[in-house]
1. Which of the numbered conditions does Ile84 fail, given that it passes all the others? Conditions: (1) part of a helix (DSSP H, G or I); (2) surrounded by 12 or more Cβ atoms within 10 Å (Cβ to Cβ).
2. Identify, please: which residue in the stretch 37-57 is β-branched (Val, Ile, Thr) and part of a loop (DSSP other than H, G, I, E, B) and is, among those, surrounded by the fewest Cβ atoms within 10 Å (Cβ to Cβ)?
3. Assuming Arg31 fulfils every condition listed in (1) more than 18 Å from Leu87 (Cα to Cα); (2) assigned to a helix (DSSP H, G or I); (3) at pLDDT 95 or above apart from one, which condition is it?
4. Restrict the check to the stretch 58-78 and report whether at least one residue is buried (at least 19 other Cβ atoms within 10 Å of the Cβ), part of a helix (DSSP H, G or I), at pLDDT below 95 and on the phi < 0 side of the Ramachandran plot.
Amino acid sequence: MEIPADNALTDVTVWYDGDCPLCMREINLMRRLDKRRAINFVEIQTAAACPVDLETLMERFHAQERDQPLVSGAAAFAAMWRAIPMLRPLGVLAKSRPVLWVLERLYIGFLKIRPWLQRRVTTNHARSDSP
């Protein structure tokens with residue numbers, strides 16, 4: 001699926017889990033860094049259209065650069081980084097197959113501890129909200 005025409009001015013579209021506190025921290029940081037508004041952030045729970053089914057989107061981070069195929073995992077993060085001037089060098093470096101291979105292995109490792117991290121973020125968020 002291609003990026004919708006109404007978002008044709010953005011460099012990249014990313015799909016994220018709006019119900020995930022850990023994901024929201026990352027997305028909020030990227031939004032602050034995206035001063036050019038080059039990224040179209042799409043919350044998958046409320047999206048009118050998604051490039052793949054919801055279950056697939058929930059398993060891994062997905063992004064699509066303009067006129068490029070949909071990517072996931074470390075490649076999706078690299079696509080997002082390339083749209084942010086401060087992070088662009090890291091995103092460009094990730095175009096190297098050996099670098100992307102290492103980043104993907106790290107991402108896979110992260111996915112294994114993600115449930116634990118999400119519980120910690122949720123617990124810490126609940127503590128900070130309590131009087």
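The values are calculated or read from the model by the stated rules, or taken from the named source; none is laboratory data. As the structure is a prediction and not an experimental result, all values here were calculated from the model. Ideal geometry is used to build each Cβ from the backbone, glycine not excepted, and the neighbour counts take in all protein chains shown.
1. With (1) part of a helix (DSSP H, G or I); (2) surrounded by 12 or more Cβ atoms within 10 Å (Cβ to Cβ) applied to Ile84, the lone miss is (1).
2. Here the answer is Thr46.
3. All conditions are met except number (1).
4. No: the stretch 58-78 contains no residue that is buried (at least 19 other Cβ atoms within 10 Å of the Cβ), part of a helix (DSSP H, G or I), at pLDDT below 95 and on the phi < 0 side of the Ramachandran plot.
Quick grid of which residues meet (1) free of Cβ contacts under 8 Å to residues at least 12 places away in the same chain; (2) aromatic (Phe, Trp, Tyr); (3) within 24 Å of Lys35 (Cβ to Cβ):
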site	(1), (2), (3)
Met58	no, no, no
Arg66	no, no, yes
Gly73	no, no, no
Met80	no, no, yes
Pro89	yes, no, yes
Leu100	no, no, no
Arg105	yes, no, no
Arg114	no, no, no
